[in-house]
Amino acid sequence: MDRNELKKKWLAEEKAAVMLGWEFSHIDGRFMTADDDLPWDYREIVISHLDSGKRLLDMETGGGEFLRSLGHPYDMTAATEAYPPNVKLCRKELLPLGIDFREASSGGALPYLDSSFDIVINRHGSYDVSEVRRVLKDGGIFVTQQVGCENDRELSELLCENFVPAFEGFRLERELGRFKAAGFEITDSGECFKPIEFYDVGALVWFARVIEWEFPGFSVERDFSRLCTAQDILDREGKISGHIHRFMITARK
């Protein structure tokens, strides 16, 4: 396929780059990530701290898919979300269930009273350590799995000229220090790097537009020559490779 035809395909992927909740079904079979092969199981960690009498908050819940999968009593469950399409989805899906959903950016003030929750969870969302501590009851647990600053760096540098990470320094060691300084006891932690691979450039275009904070300013028109380089790599190697960066913290107030 010539470059003009490829460009048309890539522009179509760019246009299609809208995601509700947190799922990547649009590019199923066109990429691989080891996000399900981490040294820990976030879901199992969360469940190990839950029982029906505990009040739970899920920060940056996406569309609430993971939260609902936990099967926790809805009247003991709360959630926040800031991304407008997901806020709309949560209002439609979570509020009718009796879940205390509120629109809020988890990186700032949380719209709940002091000592409201026995457990707060956060998967790949921002957080303010002092706010997490404020809304937790004494002895309460915070469980988070985070995307570290090295995530997808090879891919970002491939597509974006003069790439500068948005969250430089965001890694386990630094965050452990912040939690300890805030008075938390660290009960578990871990960090890892795993592969991510793309098997067509269009899938990478879609991904880069959806995960826009990792690919600042990226567009097919602006970065067409870089996409052509990516196509050359794909033609030569059969894939475009990078690494994901994850870390996990469980901390007690």
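The values are calculated or read from the model by the stated rules, or taken from the named source; none is laboratory data. Keep in mind the model is a prediction, meaning the values are calculated, not measured. Every residue, glycine as well, gets a Cβ built from its backbone with ideal geometry; the counts of neighbours run over all protein chains shown.
For the range 20-45, which positions are surrounded by fewer than 14 Cβ atoms within 10 Å (Cβ to Cβ) and among the polar types (S, T, N, Q)? Result: 25, single match. Screening the candidates 48, 52 for the property of being exposed (fewer than 14 other Cβ atoms within 10 Å of the Cβ) and without any contact (Cβ under 8 Å) to a residue 12 or more places away in the chain yields one hit, 48. Scan the range 204-222 and tell me whether some residue there is among the basic types (Lys, Arg), assigned to a helix (DSSP H, G or I) and either under 27 Å from residue 126 (Cβ atoms) or touching a Cys at 6+ places or on another chain (Cβ under 7 Å) (or both). Yes; the residues of the range 204-222 include at least one that is among the basic types (Lys, Arg), assigned to a helix (DSSP H, G or I) and either under 27 Å from residue 126 (Cβ atoms) or touching a Cys at 6+ places or on another chain (Cβ under 7 Å) (or both). When you scan the range 137-155, do you find a residue that is within 15 Å of the chain's Cα centre (by Cα) and among the small types (Gly, Ala, Ser), even just one? Yes; the residues of the range 137-155 include at least one that is within 15 Å of the chain's Cα centre (by Cα) and among the small types (Gly, Ala, Ser).
Restricting attention to the range 166-221, and to residues there that are of a type in the set (Val, Ile, Thr) and either out of contact with any strand residue (DSSP E or B) (no Cβ under 8 Å at 6 or more places or on another chain) or free of Cβ contacts under 8 Å to residues at least 60 places away in the same chain (or both), which single residue is nearest to residue 130 (Cα to Cα)? Once the filter is applied, the top-ranked residue is 211.
If you go through the range 139-165 and pick out every residue that is more than 23 Å from residue 205 (Cβ to Cβ), surrounded by fewer than 17 Cβ atoms within 10 Å (Cβ to Cβ) and touching a helix residue (DSSP H, G or I) at 6+ places or on another chain (Cβ under 8 Å), you end up with 0. Looking only at residues in the range 32-50 that are at pLDDT below 95 and of a type in the set (D, E, K, R), the one that is farthest from residue 116 (Cα to Cα) is 37. Against the definition (assigned to a loop (DSSP other than H, G, I, E, B), modelled with pLDDT of 95 or more and polar (S, T, N, Q)), how does residue 126 come out, yes or no? No, not satisfied.
Give the residue that is farthest from residue 141 (Cα to Cα), with candidates limited to residues of the range 166-188 that are crowded, with 16+ Cβ neighbours inside 10 Å and of a type in the set (A, V, I, L, M, F, W, C). Give the derivation first.
Within the range 166-188, the first condition is being crowded, with 16+ Cβ neighbours inside 10 Å, and the residues that meet it are 170-172, 175-176, 179, 184.
With the extra rule that they be of a type in the set (A, V, I, L, M, F, W, C), the set shrinks to 170, 172, 176, 179, 184.
Working: 170: 21, 172: 18, 176: 15, 179: 12, 184: 9 Å.
Result: 170.
Which count do you get for residues in the range 214-253 that are modelled with pLDDT under 95 and under 30 Å from residue 44 (Cβ atoms)? Of the residues in that region, 1 qualify. Only residues that are at pLDDT below 95 and touching a helix residue (DSSP H, G or I) at 6+ places or on another chain (Cβ under 7 Å) were counted across the range 166-199, and they come to 1.
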